[in-house]
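Student: Quick one: this structure, given as structure tokens, is what I'll be asking you about.
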Amino acid sequence: MSGALDATFRSASARIVGALAACYHDLDLAEEAFAEACARAAQAWQSAIPERPDGWLYIVAGRYALDLIRKRRVRDSLRAEEPEIEPSADEMMLDDSHLIPDERLRLIFVCCHPAIAPDARAALTLRTVCGLDTGEIAHAFLTSEAALAQRLVRAKRKIAEAGVPFEIPGPNLWAERLDAVLSTLEVAYSKAHEDAAGTGPHSAYAAEILNLSQTLAELLPEEPDVLALAALVRFCEARRPARTDAAGSMIPLSEQDPAKWDRVLIRAGDAYLKRAFELQASGARLLQTGIHAAWCRRQNLDEPPPWPKVLALYDSLVAIADNPITRLNRIVALAEIHGYDTALEEVDRLHSAALEGFLPFRAVRADLLRKAGRTAEARADYDAALTLQPAPAESAWLMRQRNEMQQ
Amino acid sequence: MNYALLIYENESAYGSEKNNPALQEIVEKHMSFSQELGPKRLGGAGLAGTYVATTVRTTNGTKSVHDGPFAETKEQLGGFYLIEAADLDEAIDIAKRVPLQPDGAIEIRPLLGG
């Protein structure tokens with residue numbers, strides 16, 4: 001029973017906390033009222049969960065919130081009688097979709113407002129929109145629960161006291177604010193994706209980002225970047241089962257067995273991306289996702305990797321969003337088509353002080369040097385990469401590549 | 001001449017709650033100081049703590065929004081007075097009387113055109 005209750009509470013959390021927060025412009029109040037409703041439900045539902053638990057929770061949380069506000073106003077004066085808080089049979093007749101306003105989008109914009117500290121945005125979104133508790137989020141962010149709780153308190157206080165609007169931004173702010181939302185989800189997802197083995201603390205968290213990106217795509221079905229992000233997360237998650245070998249070592253994308261990829265997720269990703277390209281011909285997020293889509297089209301290891309397509313997409317991407325990381329990824333594809341020596345020339349042109357201690361740079365350079373037969377130099381770069389604290393799966397892979405080279 | 005008196009103090013002394021006794025005490029002092037200044041006080045305000053600050057920064061012409069104050073310093077801008085004084089000496093005299101913690105600073109800046 002308690003498992004079923006927890007699941008009910010979690011799935012109801014976003015809608016109800018969102019609706020109450022939007023109504024009272026107070027995240028703390030909304031959360032407190034929802035927690036109280038859950039506590040009362042745990043008592044009231046001992047024999048059976050009602051037919052429409054969300055409606056019950058919403059009505060109870062709403063009344064409790066009002067009661068809290070009233071008590072705050074008359075604090076220290078005589079205690080009024082407790083009002084009847086549980087819903088009547090009549091009230092339970094209303095359909096949930098009419099009863100509970102869907103304010104999740106407003107809530108996402110509030111949580112990802114650029115005036116909120118970047119390291120708090122994703123945590124706050126997961127807390128209020130996905131209903132994760134602080135322990136779970138702390139686990140996902142590899143931080144202590146106390147530190148995370150404090151970060152959330154600070155962020156909620158900022159929202160309440162600085163006057164962050166509980167509104168969906170208007171057209172003049174739309175692009176900037178939507179970008180803040182999408183970057184928040186991207187950063188949060190990249191944290192989940194770093195863990196190649198998929199068994200670490202981030203794996204369940206990736207599922208939440210999968211849900212959140214879908215929710216956002218349902219709420220904003222006409223925004224190409226939103227659809228591209230939903231697709232990107234699906235393509236990456238689809239490949240998770242093939243990302244490591246039995247020994248826990250990372251397998252690079254071109255060597256992963258496509259038979260192990262999740263075709264259901266890939267089809268869902270394809271549908272989102274197709275729609276995104278119908279709405280907009282190009283764009284950095286669309287091209288980036290297009291590269292993942294190209295890989296996911298591969299059916300088995302006998303089929304050649306889609307390097308020409310990948311290189312063409314990186315060429316387009318560099319033309320509109322040039323940065324060293326995109327260039328580095330482009331070089332990986334370039335090497336497979338124009339050869340390792342050409343690629344190494346480009347890598348060394350890219351070389352700058354900023355990339356010196358950047359793990360992907362060292363790893364890519366080491367790999368190219370190894371393939372070009374420049375063993376001694378390759379070994380030096382592998383050693384440099386290994387000092388940059390790669391995740392265990394990547395570390396195992398780098399170590400193996402290094403040791404397999406002829407002395 | 002018109003001057004701004006900018007009050008810099010370590011805001012942590014006031015805690016984060018509105019009913020903090022240290023905060024209530026200084027607010028009362030400011031209220032009576034304002035009365036004392038009479039028509040010499042043209043305006044002014046206390047500011048909420050930097051935990052609630054937001055900064056819009058421009059870098060190479062590009063604007064971006066950040067959580068937090070312009071600079072993390074030991075002492076923060078916590079409020080200001082706009083005053084009218086005959087000259088800097090009178091402004092300094094007034095600045096010395098602005099309620100302050102045992103450690104802190106008042107920066108006196110003439111208003112442009114005033």
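The values are calculated or read from the model by the stated rules, or taken from the named source; none is laboratory data. As the structure is a computational prediction, the values presented were derived from the model and not from experiment. Positions of Cβ are generated from backbone atoms using ideal geometry, with glycine treated the same way; all protein chains shown enter the neighbour counts.
Student: Looking only at region A:217-238, which residues are more than 22 Å from A:Ala281 (Cβ to Cβ) and either among the acidic types (Asp, Glu) or crowded, with 24+ Cβ neighbours inside 10 Å (or both)?
Tutor: Listed by number, the residues that qualify are A:Glu218, A:Val233, A:Glu237.
Student: If you don't mind, there's one more thing I want to ask. Among the residues of region A:356-378, which ones are under 35 Å from the mean Cα position of the chain (by Cα), farther than 27 Å from A:Pro306 by Cα and part of a helix (DSSP H, G or I)?
Tutor: Matches in region A:356-378: A:Glu356 only.
Student: Can you tell me which condition A:Val310 does not meet? The list is (1) assigned to a helix (DSSP H, G or I); (2) surrounded by fewer than 20 Cβ atoms within 10 Å (Cβ to Cβ); (3) in contact (Cβ under 8 Å) with a residue 12 or more places away in the chain, and all the others hold.
Tutor: Of everything listed in (1) assigned to a helix (DSSP H, G or I); (2) surrounded by fewer than 20 Cβ atoms within 10 Å (Cβ to Cβ); (3) in contact (Cβ under 8 Å) with a residue 12 or more places away in the chain, A:Val310 misses just condition (2).
Student: Among the residues of region A:174-184, are any in a helix (DSSP H, G or I), more than 22 Å from A:Leu232 (Cβ to Cβ) and of a type outside the set (Gly, Ala, Ser)?
Tutor: Within region A:174-184 (the criterion being in a helix (DSSP H, G or I), more than 22 Å from A:Leu232 (Cβ to Cβ) and of a type outside the set (Gly, Ala, Ser)), the answer is no, since none of the residues qualifies.
Student: I need a count of the residues in region B:13-32 that are within 14 Å of chain A (Cβ to nearest Cβ) and within 20 Å of B:Pro102 (Cβ to Cβ).
Tutor: Residues meeting the conditions: 1.
Student: On to the next question. For B:Gly38, work out the one condition from (1) over 20 Å from B:Asp103 (Cα atoms); (2) touching a strand residue (DSSP E or B) at 6+ places or on another chain (Cβ under 9 Å); (3) of a type in the set (Gly, Ala, Ser) it doesn't fulfil.
Tutor: Going through the list (1) over 20 Å from B:Asp103 (Cα atoms); (2) touching a strand residue (DSSP E or B) at 6+ places or on another chain (Cβ under 9 Å); (3) of a type in the set (Gly, Ala, Ser), B:Gly38 breaks only (2).
Student: Turning to a different aspect of this structure: Which condition does A:Thr244 not pass, out of (1) within 22 Å of A:Glu186 (Cβ to Cβ); (2) among the β-branched types (Val, Ile, Thr); (3) in contact (Cβ under 8 Å) with a residue 60 or more places away in the chain, if it passes all the others?
Tutor: It fails just one condition, (1).
Student: Now, a different point. Go through region A:157-176 and give me each residue that's surrounded by 18 or more Cβ atoms within 10 Å (Cβ to Cβ), closer than 30 Å to A:Arg285 by Cα and within 14 Å of chain B (Cβ to nearest Cβ).
Tutor: A:Ile159, A:Val164
Student: Is it the case that some residue within region B:59-78 is within 14 Å of chain A (Cβ to nearest Cβ), free of Cβ contacts under 8 Å to residues at least 60 places away in the same chain and among the small types (Gly, Ala, Ser)?
Tutor: Yes.
Student: Quickly run through region A:116-135 and pick out the residues that are in contact with a helix residue (DSSP H, G or I) (Cβ under 6 Å, 6 or more places away or on another chain) and more than 17 Å from A:Glu208 (Cα to Cα).
Tutor: If the condition is that a residue be in contact with a helix residue (DSSP H, G or I) (Cβ under 6 Å, 6 or more places away or on another chain) and more than 17 Å from A:Glu208 (Cα to Cα), then A:Ile116 is the only one that fits.
Student: Exactly one condition in (1) crowded, with 19+ Cβ neighbours inside 10 Å; (2) modelled with pLDDT under 90; (3) part of a helix (DSSP H, G or I); (4) more than 27 Å from the chain's Cα centre (by Cα) is false for A:Pro87; which is it?
Tutor: Result: A:Pro87 passes all but (3).
Student: Which condition breaks for A:Pro165 when tested against (1) in a loop (DSSP other than H, G, I, E, B); (2) farther than 28 Å from A:Ile59 by Cβ?
Tutor: Result: A:Pro165 fails condition (2) only.
Student: Which members of region A:379-395 meet the condition of being buried (at least 19 other Cβ atoms within 10 Å of the Cβ) and either assigned to a helix (DSSP H, G or I) or of a type in the set (A, V, I, L, M, F, W, C) (or both)?
Tutor: A:Asp381, A:Tyr382, A:Ala385, A:Ala393, A:Glu394
Student: Taking region A:14-36 on its own, how many of its residues are farther than 18 Å from A:Arg104 by Cβ and surrounded by 18 or more Cβ atoms within 10 Å (Cβ to Cβ)?
Tutor: 1
Student: Any idea which residue in region A:104-136 is nearest to the other protein chains (Cβ to nearest Cβ), counting only those that are aliphatic (A, V, I, L, M), outside any loop (DSSP other than H, G, I, E, B) and more than 13 Å from A:Ser13 (Cβ to Cβ)?
Tutor: A:Ala120
Student: While we're here: Kindly indicate which of A:Asp322, A:Asp348 is assigned to a loop (DSSP other than H, G, I, E, B), at pLDDT below 95 and of a type outside the set (A, V, I, L, M).
Tutor: A:Asp322
Student: Can you tell me which residue in region B:49-58 is farthest from the other protein chains (Cβ to nearest Cβ), limited to those that are loosely packed, with under 15 Cβ neighbours inside 10 Å and out of contact with any Lys or Arg (no Cβ under 9 Å at 6 or more places or on another chain)?
Tutor: Only one residue fits best here, namely B:Thr58.
Student: How about region A:254-301: which of its residues are charged (D, E, K, R) and under 22 Å from A:Asp322 (Cβ atoms)?
Tutor: Of everything in region A:254-301, just one residue is charged (D, E, K, R) and under 22 Å from A:Asp322 (Cβ atoms), namely A:Arg285.
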